[in-house]
1. Looking at Val99, Val13, Val39, Val87 in this structure, which one is in contact with a helix residue (DSSP H, G or I) (Cβ under 8 Å, 6 or more places away or on another chain), of a type in the set (A, V, I, L, M) and either crowded, with 21+ Cβ neighbours inside 10 Å or at pLDDT 95 or above (or both)?
2. Has segment 61-71 got any residue that is over 30 Å from Lys146 (Cβ atoms) and within 16 Å of the ligand (Cβ to nearest atom)?
3. Among the numbered conditions (1) within 15 Å of the ligand (Cβ to nearest atom); (2) modelled with pLDDT under 95; (3) of a type outside the set (S, T, N, Q), tell me where Lys131 comes up short.
4. Do you know which residues across segment 300-330 are within 11 Å of the chain's Cα centre (by Cα) and open to solvent by 30 Å² or more (accessible area, probe 1.4 Å)?
5. Among (1) within 30 Å of Tyr100 (Cβ to Cβ); (2) in contact (Cβ under 8 Å) with a residue 12 or more places away in the chain, there is one condition Pro215 misses while meeting the rest; what is its number?
6. Any idea which of (1) in contact (Cβ under 8 Å) with a residue 12 or more places away in the chain; (2) within 12 Å of the ligand (Cβ to nearest atom); (3) more than 30 Å from Val195 (Cβ to Cβ) is the one Tyr100 doesn't satisfy?
7. Can you name the number of the only condition in (1) open to solvent by 10 Å² or more (accessible area, probe 1.4 Å); (2) of a type outside the set (S, T, N, Q); (3) over 24 Å from Thr330 (Cβ atoms) that His119 fails?
Amino acid sequence: MILKKQSVMKNIVVLGTNFAGFTAALQIHKKLGKKRKNVKITVVSPTHDFLYVPSLIWVPFGRRELKDIRFDVRPIYEEKEIVFLEVGADRVDPVANTVYLADGKELSYDYLVCATGIHMNLDIVDGLNPKYENVQNIVIPALAMKTREEFEKLVQDPGPVVVGATQSASCMGAAYEYLFNMDKELRRRNVRDKVDLYWITPEPYLGNFGIDGMPGGEGMLKAFMKMYNIHYLVDASIERIESHKIILKNGNTIDFKMAMLMPPFEGAEVMKKSPELVDEKGFVETDGTYQHHTYKNVFAAGMAVQVKPPFIITKTAYGVPKTGYPSDVTGKIVADNIVRLINGESKLISKSWGRIPAVCIMDAGHKEVYLLANHLFRPRQFAIILPNIFNDWGKIALEKYFLWKNRHGYSWLP
Ligand SMILES: Cc1cc2nc3c(=O)[nH]c(=O)nc-3n(C[C@H](O)[C@H](O)[C@H](O)COP(=O)(O)OP(=O)(O)OC[C@H]3O[C@@H](n4cnc5c(N)ncnc54)[C@H](O)[C@@H]3O)c2cc1C
């Protein structure tokens, strides 16, 4: 008698459904091909929205409404028979291969993808938390909308503005964009002459961006600061924030009517509650295959991944930015590697975060700037900063392209 080999159903669970998680889930589905019928993919996220986070910089100035920059992921998952659970994951037990959900249910997995992004560390400086109505930030939609309210109040009653990032922050690029958009919008509303605009940053020099700079970046940003009459302070460390006053560690103070400061990022709460998988900040410890060091069936992608700076930081602490392009790329690498393991292959694809190309468009308000390099971190063979002197719709085109590609489930596109 010939016994037919029984294939065992495999469970893949993806936590998170934005740049990294959405890409990983769709790519796993695509790459599995005919093996798909033996694999159940389940995506877990507290929201069914895909959010194009980079456009949050425009929300405070009314250049984007939230509805313009997000879409519902459920129809795409439904079409591909990917199960979607709209609930947060509470913690992961990698020994029991189980995810505990916020609704009390449990999910067991054969492979897990952690793509839960970040959690803001608002305790780094006293007075930073926007719940005290003092300093704003634009990291999440609700806070970007609150920043819009504060901006409207500022236009009615102008005064000094501080924009920047706290010590240990990593997302300085977005803060620079917000700064230049603030300048542009204040000019458009005819109140720029009533506003002293300050930029404070933990970077050792302008245009460091947390990646140890790009050729010509510092000079270009110095020129922008001069051109737009923006005061700036690098290597800045904040002692505390009081009502409308920033007290720096060097003893100086800056008064403000409105402030927006990027806080440092840590791993999402769910990952912090899964200590076997993460470092002290809650980021998942992987190698260049994005496979966990110890738990080989656990992978991470996007901002959830631990990325250590390859350079020594001698002055004020700052972090490495984890931008959209590498988040998308790591989602793809993880998908590829999980499918390889399912197919019985042992060789995995490896590309460390710093070796992924840098592809970024910075909206500098009146201009936009392209940052391109063959590697995010040095050594690089190619790195260029290119101001676009012809038009300023490159970043808008990128947003439209990215939302179009994902709305249609074309996650395989670059
Ligand atoms: C204001 C701002 C501007 C930016 N601008 C740029 C830019 O111009 N260019 C660029 O390249 N990058 C930019 N970035 C970075 C870019 O947004 C990130 O690289 C990207 O969002 C990372 O994708 P991700 O999927 O790893 O994480 P996220 O986009 O944060 O997604 C995390 C996902 O996890 C889900 N999740 C959270 N908690 C749980 C839980 N408990 N259980 C399950 N799921 C959970 C969330 O709902 C979400 O779906 C910017 C970031 C910010 C904050």
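The values are calculated or read from the model by the stated rules, or taken from the named source; none is laboratory data. All figures in this text were calculated on a predicted structure; none of them were measured in a lab. Glycine also receives a Cβ, built like all others from the backbone with ideal geometry; neighbour counts cover every protein chain displayed. Accessible surface areas use protein heavy atoms only, side chains included; no ligands, DNA or RNA. Shrake-Rupley method; radii C 1.70, N 1.55, O 1.52, S 1.80 Å.
1. On the way: Val99 fails: in contact with a helix residue (DSSP H, G or I) (Cβ under 8 Å, 6 or more places away or on another chain); Val13 fails: in contact with a helix residue (DSSP H, G or I) (Cβ under 8 Å, 6 or more places away or on another chain); Val87 fails: in contact with a helix residue (DSSP H, G or I) (Cβ under 8 Å, 6 or more places away or on another chain).
None of the others qualify; the one that does is Val39.
2. First pass over segment 61-71, keeping only residues over 30 Å from Lys146 (Cβ atoms): none.
No, because not a single residue in segment 61-71 is over 30 Å from Lys146 (Cβ atoms) and within 16 Å of the ligand (Cβ to nearest atom).
3. Failing condition for Lys131: (1).
4. Met303, Lys322, Thr323, Tyr325
5. Every condition holds for Pro215 apart from (1).
6. Only one criterion in (1) in contact (Cβ under 8 Å) with a residue 12 or more places away in the chain; (2) within 12 Å of the ligand (Cβ to nearest atom); (3) more than 30 Å from Val195 (Cβ to Cβ) is unmet by Tyr100, namely (1).
7. (3)
Table: residues versus (1) touching a Phe, Trp or Tyr at 6+ places or on another chain (Cβ under 8 Å); (2) crowded, with 19+ Cβ neighbours inside 10 Å; (3) outside the structural domain of Lys332 (by TED's automatic domain parsing); (4) at pLDDT below 95.
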site	(1), (2), (3), (4)
Lys67	no, no, no, no
Ile76	no, yes, no, no
Gly104	no, no, no, no
Tyr111	yes, yes, no, no
Ile138	yes, yes, yes, no
Thr166	no, yes, yes, no
